[in-house]
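**Student:** Dumping the structure here so I can ask a few things about it.
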Amino acid sequence: DHVLGVFQQEKAAEATFMGSPAGPGEVWFEQRYLQGDGCDQIGGPRSTTIRVMCSYHDETILTAVTEQSPCRYVAELRTPAICPHPFFRDNEAASRALNVHCYAAPVDDGAV
């Protein structure tokens, strides 16, 4: 077991709201947890970035944890608790947007 990072009150102001390269309209709140257990691979402490996204489901779900580089982790959390924040309300329409592709309808030539 390893500590992947520790919340640091003095760094709390550095938390930011971000837009996603994954697709239009995806936004999240991001906060870094630093000074985790030592990591031999990098010769320093582990760290984790937590990305919190709005979810329109009733429960909070940890959707992914990845190791972006040795001992540097990203955890994605989806929760309805953050949806009322103005940042997410302002981006709600964009985050619910769907890509729609239209195709020409076949021509009816009257053949049976």
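**Student:** Among the residues of segment 59-72, write down those that are open to solvent by less than 70 Å² (accessible area, probe 1.4 Å) and more than 13 Å from the chain's Cα centre (by Cα).
**Tutor:** Answer for segment 59-72, where residues must be open to solvent by less than 70 Å² (accessible area, probe 1.4 Å) and more than 13 Å from the chain's Cα centre (by Cα): Ser69, Pro70, Cys71.
**Student:** Let me ask you something else. If I ask for residues that are over 14 Å from Phe17 (Cα atoms), of a type in the set (A, V, I, L, M, F, W, C) and either open to solvent by less than 50 Å² (accessible area, probe 1.4 Å) or at pLDDT 95 or above (or both), which ones from segment 78-95 would you list?
**Tutor:** Scanning segment 78-95 gives a single hit, Ala94.
This table checks each residue for (1) exposed (fewer than 10 other Cβ atoms within 10 Å of the Cβ); (2) modelled with pLDDT under 85; (3) outside any loop (DSSP other than H, G, I, E, B); (4) within 10 Å of the chain's Cα centre (by Cα).
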position	(1), (2), (3), (4)
Val3	no, no, no, no
Lys11	no, yes, yes, no
Phe29	no, no, yes, yes
Ile42	no, no, no, no
Met53	no, no, yes, yes
His57	yes, yes, no, no
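**Student:** Would you mind stating whether Leu34 is under 13 Å from the mean Cα position of the chain (by Cα), of a type in the set (A, V, I, L, M) and at pLDDT 90 or above?
**Tutor:** No; evaluated as a whole, the condition is false for this residue.
The values are calculated or read from the model by the stated rules, or taken from the named source; none is laboratory data. As the structure is a computational prediction, the values presented were derived from the model and not from experiment. When we count neighbours, we look across all protein chains shown, and the Cβ atoms used for this are built from the backbone with ideal geometry, even at glycine. We work out accessible area using only protein heavy atoms, side chains counted, and drop any ligands, DNA or RNA first. Shrake-Rupley method; radii C 1.70, N 1.55, O 1.52, S 1.80 Å.
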